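Single-structure report; data block below.
The values are calculated or read from the model by the stated rules, or taken from the named source; none is laboratory data. None of these values were measured; they are calculated from a predicted model. All Cβ positions, even for glycine, are placed from backbone atoms using ideal geometry, and neighbour counts span all protein chains on display. In case anyone asks, the SASA skips ligands and DNA or RNA and just uses the protein heavy atoms, side chains included. Shrake-Rupley method; radii C 1.70, N 1.55, O 1.52, S 1.80 Å.
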Amino acid sequence: MRCRDAYGYELTTGPLAADAYVDGVRDLLRLRTGAADRIATAIALDPTFALGHAALALLGHEMCVEVDIAARLADARLHAARATERERSHVDAVEQHLRGDPAPLVTHLASYPLDALLLSVAMPTIAFAGVTDVPETAWRIVEDAAPAYGDDPWITGLMAFVRQEQRRFDEAMDLSCRSLSAEPSGGHAAHARAHAHYETGDHAAGLAWMDAWITGAGAATDSLTHFSWHAALHELSTGDLAAVRSRYDSQLQPRHAVGCRALVDSGSLLFRWAITADARDVPPLDEVVAVTGRDVLERPGTAFLGLHAAVALLAVDDRAALQRLSDWCSAHPNPTHREVVAPLAAALGLLAAGRSSAAADRLAALGTSTWRLGGSDAQREIVEEARIAALLRAGRYDDARLVLDARLDRRDSPRDRRWRAQAARIRSPSTVMSTAASGPPAGPPSTSPVVAE
């Protein structure tokens with residue numbers, strides 16, 4: 001009997017390797033721990049299993065799993081020759097995606113919509129950065145494939161994430177709750193619900209639900225630090241900085257993060273915390289930088305990682321590394337690296353150098369392009385927050401208030417209201433210094449919002 005995956009597609013391997021691969025992909029789709037190890041077990045049991053090699057290459061590229069990506073791709077390509085047409089198409093789609101060409105993956109999904117791993121890759125989520133710079137294209141890929149899955153709770157959770165990206169928050173909440181009712185530990189559904197709470201300013205209920213899920217049904221989630229990050233965003237938004245500190249200490253220490261999560265979750269939280277009004281004694285990002293490694297920071301595999309690398313390098317005031325990141329991305333074959341990450345790193349370099357007004361203008365110019373970085377609105381808004389910090393440092397308080405007013409129109413946030421009140425109160429360098437006199441400014445000089453030029 002031929003081996004098959006969870007959705008019925010044939011696998012060219014033996015039953016033991018197939019079982020390990022199916023279990024690994026199932027866990028990966030549900031964001032559970034151990035997925036990479038199970039897929040690695042599959043190719044240990046059958047070194048000629050092409051899809052196992054391709055999956056590990058994907059995880060190395062997207063999630064910083066420690067694998068030899070080039071070697072895994074070479075083995076996948078070699079052994080795909082003995083596999084089915086669908087598997088050969090899958091391997092080619094993975095290889096071209098890692099080279100920056102999404103077209104084969106999109107074409108593959110049109111023919112094989114139940115190839116759930118690659119459908120997950122196509123949509124920017126907690127797991128993958130996506131395959132297109134145009135959100136509507138990613139949404140359409142998922143929506144076109146969804147009918148083939150019926151009422152499968154995984155696709156319902158993925159559709160919930162699509163709906164929240166479309167700012168259809170009531171539908172997203174309904175779909176996520178329906179998925180979680182069938183599969184309480186489902187990571188995509190939980191992720192969609194977390195975003196729906198945050199984007200609607202539903203901080204109290206969102207925090208209560210998130211805390212219960214983290215310690216309950218979601219406790220075995222591989223990317224648990226990201227859900228802790230979501231909980232911390234609620235605490236940050238409500239101005240409960242003591243709770244942010246407690247959560248960072250207990251759940252978001254970078255040494256406990258998996259893969260790139262130290263950079264994406266711990267690092268971004270520390271930056272946003274440091275530029276928050278009245279923040280004090282925020283831990284530095286030195287450990288985040290050490291855990292992440294210079295290769296990811298200065299030569300990020302995805303534009304999404306490039307965004308977070310630039311922020312982390314600003315936070316540790318590494319201007320030389322910011323310049324190297326900008327230079328490397330400027331020559332990258334991927335247009336998003338060249339056209340968004342490179343100028344973003346350059347703008348943050350200006351902020352690090354004390355040229356706050358110029359940095360704010362550069363960041364404003366990027367505002368209409370940040371969606372190309374992948375990830376979610378909640379993650380990409382770190383660019384907007386860096387711009388606010390730059391405007392405040394430059395003494396451009398009216399401009400800062402306009403940005404904050406627009407944010408408050410999107411959703412309520414006591415943090416943003418307090419930030420806006422600070423911008424309204426500060427009128428001169430003397431009042432700036434009196435505002436800061438109660439303690440040292442949060443974060444390094446390049447990120448502190450309370451000291452004007």
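Given the conditions (1) under 30 Å from Leu297 (Cβ atoms); (2) part of a helix (DSSP H, G or I); (3) open to solvent by less than 50 Å² (accessible area, probe 1.4 Å), and given that Ser89 satisfies all but one, which numbered condition is not satisfied?
Ser89 satisfies all of (1) under 30 Å from Leu297 (Cβ atoms); (2) part of a helix (DSSP H, G or I); (3) open to solvent by less than 50 Å² (accessible area, probe 1.4 Å) except (1).
Which number in (1) in a helix (DSSP H, G or I); (2) within 23 Å of Ala400 (Cα to Cα); (3) more than 21 Å from the chain's Cα centre (by Cα) marks the one condition that Gly354 misses?
(1)
From the list Arg88, Arg99, exactly one residue is farther than 24 Å from Phe161 by Cβ and at pLDDT below 95. Which is it?
Working: Arg88 fails: at pLDDT below 95.
Answer to the check: Arg99.
Hey, could you check region 368-381 for residues that are open to solvent by less than 40 Å² (accessible area, probe 1.4 Å) and either among the hydrophobic types (A, V, I, L, M, F, W, C) or not in a helix (DSSP H, G or I) (or both) and say which is farthest from Gly100 (Cα to Cα)?
Checked region 368-381; the qualifying residue farthest from Gly100 (Cα to Cα) is Ala378.
Could you list, in sequence order, all residues of region 356-367 that are open to solvent by 10 Å² or more (accessible area, probe 1.4 Å) and more than 25 Å from His191 (Cα to Cα)?
Within region 356-367, Ser357, Ala358, Asp361, Arg362, Ala364, Ala365, Leu366 qualify.
State all residues of region 215-248 that are over 20 Å from Ser376 (Cα atoms) and assigned to a helix (DSSP H, G or I); if no residue qualifies, say none.
From region 215-248, those over 20 Å from Ser376 (Cα atoms) are 215-220, 238-248; that's our starting set.
Thr215, Leu241, Ala242, Ala243, Val244, Arg245, Ser246, Arg247, Tyr248 - these are the residues of region 215-248 that are over 20 Å from Ser376 (Cα atoms) and assigned to a helix (DSSP H, G or I).
For region 19-82, which fully contained helices (runs of 4 or more DSSP H) count at least 2 residues that are more than 18 Å from Phe128 (Cβ to Cβ) and open to solvent by 20 Å² or more (accessible area, probe 1.4 Å)? Show your work before the answer.
Numbers: elements: 35-45, 50-63, 69-79.
Of the helices (runs of 4 or more DSSP H) lying wholly inside region 19-82, those with at least 2 residues that are more than 18 Å from Phe128 (Cβ to Cβ) and open to solvent by 20 Å² or more (accessible area, probe 1.4 Å) span 35-45, 69-79.
Mind checking which residues of region 296-327 are farther than 25 Å from Pro102 by Cα and not in a helix (DSSP H, G or I)?
Val316, Asp317, Asp318, listed by residue number.
What do you reckon, is Ser223 open to solvent by less than 10 Å² (accessible area, probe 1.4 Å) and either in contact with a strand residue (DSSP E or B) (Cβ under 9 Å, 6 or more places away or on another chain) or touching a residue at least 40 places away in the same chain (Cβ under 8 Å) (or both)?
For Ser223, the condition - open to solvent by less than 10 Å² (accessible area, probe 1.4 Å) and either in contact with a strand residue (DSSP E or B) (Cβ under 9 Å, 6 or more places away or on another chain) or touching a residue at least 40 places away in the same chain (Cβ under 8 Å) (or both) - is not met.
Does at least one position in region 424-436 carry a residue that is at pLDDT below 95 and either buried (at least 18 other Cβ atoms within 10 Å of the Cβ) or among the acidic types (Asp, Glu) (or both)?
Yes - at least one qualifying residue is present in region 424-436.
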